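A short worksheet on the structure shown next.
Laboratory data are not the source of any read-out in this text; all were calculated from the coordinates shown. Just so it is clear, the structure is predicted and the values come from calculations on it, not from any experiment. Cβ sites come from the backbone with ideal geometry, for glycine too, and all protein chains shown count toward neighbours.
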Amino acid sequence: MAALMLTGAPALAQTIAITGGTVALGDGSDPIPGGTVIVRDGRIVAAGRDVAVPAGAQRVDATGKWVTPGIVAGFARVGLAEVEAVDGSNDISARASPFSAAIDVARAINPRAQPIAVNRAGGVTRAIVAPAAARSIFAGQGAVIDLGADMNPITRARAFQFVELGETGAADAGGSRASAYVLFHDALREARDLTLRAPIAGPASRRRARANDQRAYGLEDEPNASNPLLGANVSRPQDVLLTRFDAAALVPVLQGRQYLLVHVERASDILQVLGLRKEFPNLRLVLVGCAEGWTVASDIAAAGVPVIASALTDLPNSFEQLASTESNVGRMRAAGVHVSIGMIDDMESLQVRNEKQYAGNLVALTRLPGATGLTWGQALETITSAPAEAIGMGGEIGSLKPGRRADVVVWDGDPLENGTAPILVLIDGVQQPLTNHQTELRDRYRSLAPADLPQAYRR
Amino acid sequence: MSNRAWLFLALGALVGCAASAPPDHPATAAAAPPATPPPTYSRDPYPSTYRRYPGVLTAITGGTVFDGEGGRIENGTVILADGLVQAIGGPDTPIPAGATRIDAHGKWVTPGIIDVHSHLGDYPSPAVEAHQDGNELTGPVHPDVWAEHSVWPQDPGFSRALANGGVTTIEILPGSGDLFGGRSVTIKNVPARTVQAMKFPGAPYGLKMACGENPKRVYGSRNQMPGSRMGNIALDRETWARAVEYKRRWDHYEKVGGEPPTRDIGMDTLRGVLEGQIRIQNHCYRADEMANMIDMSKEFGYHIAAFHHAVEAYKIADLLRENHICAAMWSDWYGFKMEAYDGIPENIALVQNAGACAMVHSDDPNGIQRLYQEAAKAQAAGRRIGIDIPDPVVWEWLSFNPAKALGISDRTGSLKPGKMADVVLWNGNPLSVYTRPEKVWIDGALLYDAMNPKLRPVSDFELGQPGEGDVK
């Protein structure tokens, strides 16, 4: 099936009307046959039934096709590696680095990495990209990126800190969960101490204003250049474990200005993490993994903490996943937990395009006695708006609601079904190329018949 | 790198397929053969003790049937009796008196899926250090080790492969850290206390070989041979040359008697390969390396049954066809290592289109639960470039071709009268993501039933644990 081509280069100012397709908004609602999506200035103007097409809009006929928001990969490492096993191309973790929490993946994202292009062709338009922990329980700061074919991949830098507090965290902390928690407490103590010692100039009103300003400690800007916590006049006591940069990076976590994504699987670990808010009331927690989440789902729901779960984990792959079942996501959702899908430790630098297959499997469970799955609309939600909402970006990405960034995919069939593929991908309203290393190899080797020149001349 | 998949990829295995032609080995005519054959070693010292479980005379009627060999029957009838497929046909197929009727209207009936590449049991769950039994890694040449001696029958993964995957037969391989990784074992996916009680009766052994990055990385990093791809081939050839000599000595002894040659357990395996009795299952990603392995097989007189993880099979699908070698592939894995860089989703369809033997494999305890979905993805990728492969032909990738690669296609892999009643009833079209197995029969015994929680295996490991007996 040939890709749809918009005529000309869709500039931001252009109005695009995608008509006639089955439209799914990504908000959990059921798909709408014969729906319309209007895009203007890189944003969604309207989507759904009975949407008027503005005069002069460029029309895309999606009759017989499906139209959805682009997939938001809930926990990903796409863009951080070209070939996972080739160290030079892999920036996922840094075992020999002196730094941990201060690590900022935004610097390392390569928008030209083939996995970006491959997953873009698979309908993934945004990804929540996390570093992996190496020498500390703190992996560093993750980013929200787009998978567009341009050199500006960062949607939100330093969107969250990622920490390991299960088996991996125990190992990173020297061998026990107990040690991981001491390290966690110590790290936040060091962050707090730093804020107490950092002088903030100006009147009290200005100090208060700055404390509430995202930019005060450089979350949006380059964090280390302007951060007063790193100033020459900030002294620290001798008994510190973290570097100053790492401690400073945890200040926004402590103050609740930056999300804290926590990887845990075991039920008891989940409860321990939820309990952290008793001591650190400002933490904006998001749980990642949570294979045993269904066994403590009411606690998670009561805490109002979102979960980015691994959709199909059903093996006791470790002693922290003994209760694994594919019904985990469905059961957590039924208990009122805000659930989305991520791919931690699951080819997340390469294969986030398969999140749609995972979501489809959750629908399959609704037809299996004893299992708990999701409706189709809910399943799509777990790979579009739900991960965006988990990190506070539901107003920007992940759905076709008015005002959202126009990340729109037209599919050649039901997007959750096996083997369906995008025929049009818009990111911020801009049509994206769907070719990559793989499509060129495919075309080169489509025929093996002898030719006048070697394969190397076919391109 | 934290992906669990790395375990298998990094230390992965090798597979083979297609009908193997045993090479001709003219016996040296020397002394007259003795009246009674000289005593020799057992070829089957760890024999299968598998016995099929009781089944009932069963008639599955009204479903869409894929026979596994490319055939499709609407409103079909499949009769299971005495552990075998007794009959398959249309709605007019006679139903034997007393048969238990299974209404399959709106459902699909297929042969059970065969995964030609699994590490269930030798890299079981939980994936703790104490369970890492799939790679010997104490030397690059280990045809002496047998995967069955590592298989833990209590691996909870077997039950997931059955209930979610519809998998009835599995080849369990050693990993790919060694050039010669050891013997594989083919099992029926029936829970048992011992691996012997799972072994597929009479299934030929396989020998896992590995090309490429893994052996040279493992041993090169120890400053040992092989440290390069050329080192891989050199050590392979030295080993095969010794095997040819070993075979000659034993052939001579078994013919004319005298002092028996010194036993070498690893060489026993290679002799079996040279005799055409043990099938080469060859882990090999790159096209150029597959070509090298094909030449080596000709140099020493054996046949490669299948290349496993053949991500570049599409570049040499003609070579595979001409040499009767199957390719075991993922639908879309790529890029996790350098030799996987050129993986493309059209690989399987291009191999099929070239007339070679294509198979879908897992190498993964999660992937084995969704092989039918992977097949559907590969089919769709083909369709987008104009290669239209009908659903019942796609099913050959999952059952009949793997059976051929394993040398068991005369007994299973398709629904033909007289073959093992390894059957899956699906609650919809099994090439849809929304479909799951509803019932699975192995040798005619109903061993999984989604409608009956009692027909769901639970391994010893999971007893008394949270989630025991849960849907998985």
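Entry note, segment B:73-212: relative contact order of 21 percent, from Cα contacts under 8 Å with a spacing of 6+ residues.
Contact order for chain A, expressed relative to its length and based on alpha carbon pairs under 8 Å spaced 6+ residues apart, stands at 20 percent.
Using every pair of distinct Cα positions in segment B:199-292, the Kirkwood expression returns a hydrodynamic radius of 15.0 angstrom. All other residues whose Cβ lies under 14 angstrom from that of B:GLU254 are scored, Lys and Arg at +1 and Asp and Glu at -1, for a net of +3. In this structure the amide hydrogen of B:SER362, modeled in the peptide plane, comes within under 5 Å of the amide hydrogens of B:VAL116, B:HIS117, none closer than 5 places in sequence on its chain.
By the count of neighbouring beta-carbon atoms within 10 Å, fewest first, A:THR325, B:THR186 end up ordered A:THR325, B:THR186.
For chain B, the calculated P(r) over all alpha carbon pairs, in 20 Å bins from 0 to the bin holding the longest distance, is 26, 56, 18, 1 percent.
Considering only B:THR100, B:TYR50, B:GLN86, and ranking their Cα positions along the charge dipole of the protein assembly as shown that arises from unit charges at the beta-carbon of Lys, Arg, Asp and Glu, the one farthest toward the positive end is B:THR100.
Each principal axis of segment B:275-399 carries a Cα extent, and these read 40, 30, 26 Å when sorted largest first. For the pair B:ASP264 and A:THR63, label points projected 7 Å from Cα toward Cβ lie 7.3 nm apart.
Residues with amide H under 5 Å of A:SER310's amide H, sequence separation 5 or more or different chain, H placed in the peptide plane at 1.01 Å from N; which? HN-HN under 5 Å from A:SER310: A:GLY289, A:GLY342. Candidate cross-link partners of B:LYS377 among the lysines, defined by an alpha-carbon separation under 30 Å and a same-chain spacing of 8 or more, comprise A:LYS65, A:LYS356, B:LYS107, B:LYS188, B:LYS208, B:LYS315, B:LYS337, B:LYS404, B:LYS416, B:LYS419, B:LYS439, B:LYS472. Derived from the Cα gyration tensor, the three semi-axes of the equivalent ellipsoid of segment B:173-234 are 32, 11, 7 Å, largest first.
Taking Rh as the Kirkwood radius computed over C-alpha pairs, what is the Stokes-Einstein D of segment B:67-137 at 10 °C in a medium of viscosity 1.306 mPa s, expressed in µm² per second? D = 100 µm²/s. In terms of overall dimensions, chain A has a Cα radius of gyration and Dmax of 22.9, 80 angstrom. For segment A:225-318, the square roots of the Cα gyration tensor eigenvalues, ordered a ≥ b ≥ c, give a/c of at least 1.5 with a/b greater than b/c, which places it in the prolate category.
Rounded if a/c is under 1.5, else prolate if a/b is larger than b/c, else oblate: which is segment B:89-215, with a ≥ b ≥ c the root eigenvalues of its Cα gyration tensor? Cα axes put segment B:89-215 in the prolate bin. Neighbours of B:ASP178 by Cβ distance under 9 Å: Lys/Arg scored +1, Asp/Glu scored -1, total 0.
Taken about its Cα centre, segment A:156-195 carries a charge dipole of about 220 debye when Lys and Arg each add +1 at the Cβ and Asp and Glu each add -1 at the Cβ.
Dimensions of segment B:349-425 from C-alpha coordinates, computed as largest minus smallest value along each principal axis and given longest first, are 38, 28, 23 Å. The residues packed around A:GLU279, meaning those with a beta-carbon under 12 Å from its beta-carbon, carry a net charge of +4 if Lys and Arg are +1 and Asp and Glu are -1.
Is the C-alpha gyration tensor of the protein assembly as shown telling us rounded, prolate or oblate? Criteria: a/c under 1.5 is rounded; beyond that, a/b larger than b/c is prolate, otherwise oblate. In terms of gyration-tensor shape, prolate. Amide H contacts for B:LEU207 (H built 1.01 Å from N in the peptide plane; partners 5 or more residues away or on another chain; cut-off under 5 Å): B:SER184, B:ARG279, B:ILE280, B:GLN281. FRET efficiency for the pair A:SER447 and B:HIS252, taken as 1/(1 + (r/R0)^6) with r the Cβ-Cβ distance and R0 = 41 Å, rounds to 0.25. Karplus-based coupling profile of segment B:186-196, in residue order and whole Hz: 9, 10, 8, 7, 10, x, 7, 7, 10, 5, 4, with θ = phi - 60° in 6.51 cos²θ - 1.76 cosθ + 1.60 and x standing for Gly or Pro. Remark: mean inter-chain Cβ contacts per residue of B:327-338 equal 5, using a 10 Å Cβ-Cβ cutoff to other protein chain atoms.
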